[in-house]
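Each remark here refers to the structure printed beneath this line.
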Amino acid sequence: MKSILSLLIACALVFAPSGPLRSGAAQAADLDPHVADRTALIAVFHEIEAGINAQDIERMIAQMAPDATVTWLNGEVSRGHDQIRDYYRRMVQGPERILNRYTTAAEIGAHARFFGDVAVADGRMRDRFIPVARAPFELDSRWTSTSARIDGQWKVVSLHLSANVFTNDLIEEAKSAALKTGLGGILLGVLLGLLLGRKRALV
């Protein structure tokens, strides 16, 4: 019995780790050296999303570099905080605004790719637009961002938004309207034909 116990103790000593036990975070950092960077980037993206949903442009641009570039869904490009701020206010807040409100639910796609102090990330969004002149509508869109570590903090330096111009809710709405218009035209033509035929029969 003592010999078996001694053998078990010896095995434990041989196979025991030579150093102190490491935390899960430390082990994760060994597997992915950008764990802390990813956490910081997610916080940046969440702040931008929260700023959009709160209609708070200052909260959005606080996460962007001073010379950041944004390509919007309508293809317009804004460079720098002033242009980004002006675009948003013109579209959502000004007296001649197009939208009363714009909200989004964003998701991150694949893991961000790191190139030194530069990171590239992408994902998707489900946007809800409440225009001034028509009923609300929703749109599935994509986003791609390039961020840079500036003075120890991650900032978005480029944000590109895009949507499928061939298949989306607006296209389906237009198709439905065209179909209804076409059917209405056909019915009107049939009714006119019947009325004209009846009139000729009476003559």
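A few notes on this one:
- Within the stretch 91-150, strands (runs of 3 or more DSSP E) holding 2 or more residues that are in contact (Cβ under 8 Å) with a residue 40 or more places away in the chain: 99-108, 118-131, 137-150
- Filtered residues of the stretch 67-88 (kept if farther than 13 Å from LEU159 by Cα, at pLDDT 95 or above and surrounded by fewer than 17 Cβ atoms within 10 Å (Cβ to Cβ)): ASP82, GLN83, ARG85, ASP86
- Residue match in the stretch 168-181 (condition: within 30 Å of ARG79 (Cβ to Cβ) and either in a loop (DSSP other than H, G, I, E, B) or modelled with pLDDT of 55 or more (or both)): yes
- Unique match (being under 19 Å from HIS34 (Cβ atoms) and charged (D, E, K, R)) among ARG149, ARG134, ARG97, ARG101: ARG149
- Number of positions in the stretch 120-135 that are surrounded by fewer than 13 Cβ atoms within 10 Å (Cβ to Cβ) and modelled with pLDDT of 90 or more: 1
- Reported count of residues in the stretch 98-119, each being loosely packed, with under 14 Cβ neighbours inside 10 Å and under 16 Å from the mean Cα position of the chain (by Cα), is 5.
- Inter-residue pairs, beta-carbon under 9 Å, first outside the structural domain of ASP127 (by TED's automatic domain parsing) and closer than 14 Å to ILE48 by Cα and in the stretch 59-88, second surrounded by fewer than 19 Cβ atoms within 10 Å (Cβ to Cβ) and at pLDDT below 95, 6+ apart: none
The values are calculated or read from the model by the stated rules, or taken from the named source; none is laboratory data. Computed from a prediction, not measured in an experiment: that's the story for all the values here. Using ideal geometry, Cβ is built from the backbone for each residue, glycine included, and neighbour counts are taken over all protein chains shown.
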